[in-house]
Amino acid sequence: MWDWAIWAALILGAIAGIAATVLIVRRALATWRQADQTRREAVRRLDEFAAKAEVAADRIAVAGDTAELQTSLERLRVSLAQLAVLRAALDEVNGTVGRVTAYLPRP
């Protein structure tokens, strides 16, 4: 007698479960895309900064040979070396992430 109510509840529950799964997948993909875009933006800005820092270092080297300037130039060179190490690590992570993202669907 109540078979129709049970079947209706089961169907409604299944539809709600499918809708929730679709919502979770869509939000997860949107989050992944945003993280990927943020990573690309960070890499682009690091590249711009490194280029500007190299230009500044070259200009400082040409400007003069005072002791204070040499000290500042040495600190800049150390910072550029640290930036190069960080960029290499970021490139390594990008390579690893690239291998993982190769299996993810693209819109």
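Quote to one decimal, in nm, the extra length available between Asp36 and Val97 on full extension: 0.36 nm per residue of separation minus the C-alpha distance between them.
21.0 nm
Under a crude label model (7 Å from the Cα following the beta-carbon direction), how far is Val55 from Gln82 in nanometres?
Those two pseudo-labels are separated by 2.4 nm.
From Cα coordinates alone, what are the radius of gyration and Dmax values for the range 3-101 in angstrom?
That works out to 26.3, 92 Å for Rg and Dmax.
Quick note: the coordinates plus some simple rules give every number you see, no bench work behind them. Please read all numbers here as calculations on a predicted model, not as lab measurements. Every residue, glycine as well, gets a Cβ built from its backbone with ideal geometry; the counts of neighbours run over all protein chains shown.
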